[in-house]
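Participant: This is the structure I have questions about; it appears just below.
The values are calculated or read from the model by the stated rules, or taken from the named source; none is laboratory data. Predicted model, so just to flag it, every value in this text is computed and none were measured. When we count neighbours, we look across all protein chains shown, and the Cβ atoms used for this are built from the backbone with ideal geometry, even at glycine. The protein model used for the area step is the full one, side chains on, heavy atoms only, and it has no ligands, DNA or RNA in it. Shrake-Rupley method; radii C 1.70, N 1.55, O 1.52, S 1.80 Å.
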Amino acid sequence: QVRLVESGGGLVQSGGSLTLSCAASRMSFEIYDMAWYRQAPGKERELVAHITRYGAADYAESGKGRFTISRNNAENTVDLQMNNLTSEDTAVYYCNARYNLRGYDIWGQGTQVTVSS
């Protein structure tokens, strides 16, 4: 069964850093576009960062200059390095894999990030 497992969430002080990691299994990872989303309490899920199968990355305005998404096709992982965190970044972060040609859209279970002010 295709699976995405996030790790690296936790509690961090404002101004601190965290790196989230997503490990994919039982899928041809290299063909998927990968992304990180987040959902804060009472808010809709929103895109944080996206990286194409070719390695091109883009970011939501909220993360530009602070977040870096990267992928390792040899290890089937995608990471999100987050710096200078604020309480606004508190949310459950989800890993997403998408292969539009086949309509594949896969989600992880999420990992909680809490930033204390």
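Participant: If one computes the Cα centroid of the range 7-23 and of the range 25-71, what distance in Å separates the two points?
Facilitator: The two parts, judged by their Cα centres, are 15 Å apart.
Participant: Taking Rh as the Kirkwood radius computed over C-alpha pairs, what is the Stokes-Einstein D of the chain at 25 °C in a medium of viscosity 0.890 mPa s, expressed in µm² per second?
Facilitator: 174 µm²/s
Participant: For the chain, what is the accessible area per residue in Å², given a 1.4 Å probe and the full set of protein chains?
Facilitator: On a per-residue basis, 54 Å².
Participant: Just to confirm the filter: which trypsin sites (Lys or Arg not before Pro) across the range 43-93 are DSSP coil and have at most 12 other Cβ within 10 angstrom of their Cβ?
Facilitator: K43, K64
Participant: If you don't mind, another one. State the antiparallel share, in %, of DSSP beta bridges confined to the chain, rounding to the nearest 5.
Facilitator: 90 percent
Participant: When the chain is treated as a GNM, springs tying every alpha-carbon pair under 10 Å, which of T77, T86, T68 comes out with the largest mean-square fluctuation?
Facilitator: Its mean-square fluctuation being the largest, the pick is T86.
Participant: Could you please state how large a percent of the accessible area of the chain is carbon and sulfur, counting protein chains only and using a 1.4 Å probe?
Facilitator: Looking at the chain in its full context, I get 45 percent from C and S.
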